[in-house]
Amino acid sequence: MRLPPLIALRAFEAAARSASFTLAAQELCVTTGAVSRQVKLLEAHLGVQLFARHHRKVVLTAAGQRYVGTVSRLFSELSEAGEALGRDTQDAPVRLDCVPTLSMYWLTPRLAEYHEQRPDIRIESTTSLGPVDVAAPFDLAIRRDTRHFGGLAATAFMTEWSIPLCSREFASKHGLTSPEKMLRGPTIHIRAREDLWPTWTRHFGLAGTAPSKRMTLDHSFAALQAAEDGIGAVVMPLLFARKQLASGRLFAPFPEMLCESGKYYVLTRAGDETPGIRAVKAWLIEQGGLSKND
């Protein structure tokens, strides 16, 4: 036998529970006649009478009494399954993949505050380099290099600004009274961000750094430490050096000479955003706006 129409089952269950077509109609926001018609359709489908009709009253037949138990149980299970699915969706963490340096210096320090604001949303943060692995389990990703987007939907949310930094002792020792003097002295380069010095020098129409006085390190944190130790000057995104500047461990000899060195994008799978994912994405965009001068 074909399954009966769901709307007819709903009308039958409501009428059986209230022992009234009128009350069932009020519950379902339809007319009494509509409930009566749906019950008749169900009876015709099943080939049995479910209600005995009396003046202003309906009473379940023996067949109706047997049938309503099963129908009520199925509706209850459907309701519980929907609630469980909603809880699972709500409780599922939002998986955020970020490039390591941005995660270390910008994202992670903000996560504790976000958890306080939205304890209902858990963020699981991981880091990776290069193109986003679309086969990996993630909901959001953050990248700067457009070659690493992997065909995902991209929203620019933060501009990166860079500036030369060094220790005060280094600036004093090497007499950094002009950018030209700095470029002739020891400079620190980052293998993963070889773009920083050329981007900065081109922006201000300056010559490149002295080849014989360059030190190249693998990572931004190593370059920051080397600059703190007075080994040389480094062009560094301000996003990564706020603590060192605030504490005086690093110094910007030419604080007005900022240049844009990139943009960060939040990446999502098209058409696959839960409320939690949308909330975290909106938060990232908001934080990116607040970080305009970082």
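The values are calculated or read from the model by the stated rules, or taken from the named source; none is laboratory data. Every value quoted in this text rests on a predicted model; they were computed, and no experiment measured them. Backbone-built Cβ (ideal geometry, glycine too); neighbour counts: all protein chains shown.
Only residues that are β-branched (Val, Ile, Thr) and either in contact with a strand residue (DSSP E or B) (Cβ under 7 Å, 6 or more places away or on another chain) or surrounded by 15 or more Cβ atoms within 10 Å (Cβ to Cβ) (or both) were counted in region 23-54, giving 4. Of all the numbered requirements in (1) over 31 Å from the mean Cα position of the chain (by Cα); (2) farther than 10 Å from Ile163 by Cα, Pro253 misses one, and that requirement is (2). Filter region 27-39 down to the residues that are part of a helix (DSSP H, G or I) and over 17 Å from Arg66 (Cα atoms) and list them by number. Hits for region 27-39 are Glu27, Leu28, Thr32, Gly33, Ala34, Val35, Ser36, Arg37, Gln38. Hey, could you check region 88-116 for residues that are surrounded by 14 or more Cβ atoms within 10 Å (Cβ to Cβ) and in a loop (DSSP other than H, G, I, E, B) and say which is modelled with the lowest pLDDT? Filtering region 88-116 for residues that are surrounded by 14 or more Cβ atoms within 10 Å (Cβ to Cβ) and in a loop (DSSP other than H, G, I, E, B), the one modelled with the lowest pLDDT comes out as Ala92.
Yes/no per residue for (1) assigned to a helix (DSSP H, G or I); (2) of a type in the set (Gly, Ala, Ser); (3) over 24 Å from Asp145 (Cα atoms):
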residue	(1), (2), (3)
Thr159	no, no, no
Leu165	no, no, no
Ala192	yes, yes, no
Trp197	yes, no, no
Arg202	yes, no, no
Ala207	no, yes, yes
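Exactly one residue out of Leu224, Leu267 is crowded, with 16+ Cβ neighbours inside 10 Å and assigned to a helix (DSSP H, G or I): that is Leu224. Residue count for region 117-144 under the criterion of being β-branched (Val, Ile, Thr), part of a loop (DSSP other than H, G, I, E, B), surrounded by fewer than 17 Cβ atoms within 10 Å (Cβ to Cβ) and at pLDDT 90 or above: the result is 0.
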